[in-house]
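Engineer: Submitted below is the structure of interest, expressed as structure tokens.
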Number of protein chains: 2
Amino acid sequence: MTSVLYQHGTLALLVPGLLKGTMTMGELLEHGDYGIGTGEGLDGELIILAGKAYQVNGAGQVKLLSPDFTVPFASVHQGDYQVLATYQDLAAADFYQKVTTALASPNVFYSLKVQGTFRKMKTRAVDKTQPPYATLVEASEKQSIFEGENIAGTLISYYSPELFHGAAVAGYHSHFLAADHSMGGHILDFELATGQVEVQVFDTLEQHFPITDADYMSHDFGEDEIGNSISTAEAE
Amino acid sequence: MTSVLYQHGTLALLVPGLLKGTMTMGELLEHGDYGIGTGEGLDGELIILAGKAYQVNGAGQVKLLSPDFTVPFASVHQGDYQVLATYQDLAAADFYQKVTTALASPNVFYSLKVQGTFRKMKTRAVDKTQPPYATLVEASEKQSIFEGENIAGTLISYYSPELFHGAAVAGYHSHFLAADHSMGGHILDFELATGQVEVQVFDTLEQHFPITDADYMSHDFGEDEIGNSISTAEAE
């Protein structure tokens, strides 16, 4: 079975603030039922679980998104996860290291789903900016931080090979939603208490570009220091 | 209409010599009728025109390929070119600059097809190497050079955004086949006498990885200096 990761836009286009919503959530969901992303103007952190798209906004509120909500950047796939193992008592860095070692697939894209209880969960979300949009580093400097303790929920992560840093975030890029919807967002740090870890390896990256967005088409990325800016803004 | 560039493998995997044929030509042609690539062990330079796949081998001979021929890396698409213009009397650098200016699409993938007469055409092809395979730079040092004058034929080129250097060759990557099949290969330089230039812009890159190749899956690309090696080996 072919397993495809569909990505609309690139992480790189967020860096200079090309934040126009260029695909609707309705269109995006035709390509998958699990995913992560952000809204127009960096309008919150998105997580898609079993076909339902949720937004964690800059105030930390969780909302179900409508099909006409638009995104500048998102990654989705048709969920076909396989159970890897149940992991317990791991800090984030140790968790990622353990998965990386178990999978030994540094050169392909894959997704992780972790359903469990987290002793600590630290996330961020940013407020929607208006045109002229802020750059990614400017926006991330104004992020709100949220911290949960002993919280049940679901983590969705995408691993991208180093070669694709800029198109995506090299390494792991993870979002979270609490089971009771009390918190969520882009994960900065966590401690896993216990969780079932599932994985899905992709043989294909379907990279879609916003070719009808004149700002994207004509932008000169030469001065944007894409790699460094993404590493700064998306650091765990 | 959605226009998709399908790529099997990455330019990066050629750099350390991961040259096993991991897709058949038959499978590849299901994804397009125009394209370029190379065979297992860098077995020549490939060009696909109107559904027919040709190889220019290290001796400069042009052969029609069978469906069971295998490739480590190739790019193909369903041809739906639009005529851009007829260009005359242009050196290669001036030709590429003129197309780049006319299209003003630095941030998306596109293909060029030029049918015309070339005052000069300079190409290269390398001989098939056997395991343990040579690196891309080693192989390109042993390339054969071919030069034609006042030669009619077809140029197929893919333009890749800078962000994807490594996955592909940033900028233009062009192959040639003479109308009388007397020469062809990876283009190093040319002078166009007169040619009809056609273009096709892609909104999607469908990047396929050889996930069943254990050597690819486990390779550590950290030491390979991918960007520099590709620039050295693929320079026009």
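Just so you know, all these numbers are worked out from the coordinates, no wet-lab data involved. On a predicted model such as this, the values are computed, not experimentally measured, just so you know. Quick reminder, even Gly has a Cβ in these numbers, built from the backbone with ideal geometry, and neighbours come from all protein chains shown.
Engineer: Hey, rough spin-label estimate for B:LYS63 and B:LYS128, points 7 angstrom out along Cα→Cβ, what's it come to in nanometres?
Structural biologist: 0.6 nm
Engineer: Also, quick follow-up: Per residue of A:160-170, what is the mean number of Cβ atoms on other protein chains within 10 angstrom of that residue's Cβ? Don't skip to the end; give the middle numbers.
Structural biologist: On the way: counts 0, 6, 5, 11, 6, 2, 6, 6, 0, 0, 0.
Average neighbour count from other chains, rounded to a whole number: 4.
Engineer: Using only Cα atoms, locate the centre of region B:23-60 and the centre of region A:1-70, then give the distance between them in Å, rounded to an integer.
Structural biologist: Computed from Cα coordinates, the inter-centre distance equals 37 Å.
Engineer: Can you compute the modelled spin-label distance between B:VAL83 and A:THR232, with each label point 7 Å from Cα toward Cβ, in nm?
Structural biologist: 5.0 nm
Engineer: Ratio of alpha-carbon Rg to the 2.2 N^0.38 Å globular estimate for region B:161-225, to two decimals, please.
Structural biologist: Values: Rg = 17.0 Å, N = 65, 2.2 N^0.38 = 10.7 Å.
Ratio of Rg to 2.2 N^0.38 Å for region B:161-225: 1.58.
Engineer: Averaged over its residues, how many other protein chain Cβ atoms are within 10 Å of peptide A:220-230's Cβ atoms? Numbers along the way, then the final one.
Structural biologist: Details: counts 2, 5, 2, 0, 0, 0, 2, 1, 0, 0, 0.
Whole-number average of other-chain Cβ neighbours for A:220-230 is 1.
Engineer: Here's another thing I want to ask about it. Please compute the average number of Cβ atoms from other chains found within 10 Å of each residue's Cβ in peptide B:107-114.
Structural biologist: On the way: counts 14, 5, 3, 1, 0, 0, 0, 0.
That works out to 3 on average.
Engineer: Sticking with this one: On full extension of the chain, what length is gained from B:GLU162 through B:ALA50, given 0.36 nm per residue of separation minus the C-alpha to C-alpha distance? Walk me through the numbers before you get to the answer.
Structural biologist: On the way: separation 112, 0.36 × 112 = 40.32 nm, distance 2.83 nm.
Answer, rounded to one decimal: 37.5 nm.
Engineer: When only Cα pairs under 8 Å and 6 or more residues apart are kept, what is the percent relative contact order across chain A?
Structural biologist: On the way: 600 pairs, mean separation 68.8, N = 236.
Relative contact order for chain A comes out at 29 percent.
Engineer: Next question. For region A:4-234, just run the numbers: alpha carbon Rg, then divide by 2.2 N^0.38 Å, N being how many residues it has. Mind dumping the intermediate values first?
Structural biologist: Details: Rg = 16.3 Å, N = 231, 2.2 N^0.38 = 17.4 Å.
Normalised by 2.2 N^0.38 Å, the Cα Rg of region A:4-234 equals 0.94.
Engineer: Okay, moving on. What does the extension gain come out to for B:ASP180 and B:THR212, with contour length at 0.36 nm per residue minus their alpha carbon separation? Numbers along the way, then the final one.
Structural biologist: On the way: separation 32, 0.36 × 32 = 11.52 nm, distance 3.85 nm.
Full extension of this stretch gives 7.7 nm more.
Engineer: Separate question: Could you count how many Lys pairs in region A:4-234 have their Cα atoms under 23 Å apart, skipping same-chain pairs fewer than 8 positions apart?
Structural biologist: 20
Engineer: Please work out the Cα center distance from region B:119-174 to region A:150-169, rounded to the nearest Å.
Structural biologist: The two parts, judged by their Cα centres, are 35 Å apart.
Engineer: Still on this structure: What would the Debye formula give as log10 I(q)/I(0) at q = 0.14, 0.21, 0.22 Å⁻¹ for the alpha-carbon point model of region A:91-188, no solvent?
Structural biologist: Cα-only, vacuum Debye calculation for region A:91-188: -0.62, -1.14, -1.19.
Engineer: With only alpha-carbon pairs counted, each pair once and no self-pairs, how large is the Kirkwood hydrodynamic radius of the protein assembly as shown in angstroms?
Structural biologist: 23.2 Å
Engineer: In 5 Å bins starting at zero, report the fraction of Cα pairs in region B:1-102 per bin as a rounded %.
Structural biologist: The distribution over region B:1-102 is 3, 12, 20, 18, 17, 15, 11, 4, 0, given as percents.
Engineer: Further question: What FRET efficiency do you get for B:GLU191 and B:ILE145 if R0 is 22 Å and r is their Cβ-Cβ distance, rounded to the nearest 0.05? It would help to have the intermediate numbers written out before the result.
Structural biologist: Numbers: r = 16 Å, r/R0 = 0.72.
E between B:GLU191 and B:ILE145, to the nearest 0.05, is 0.90.
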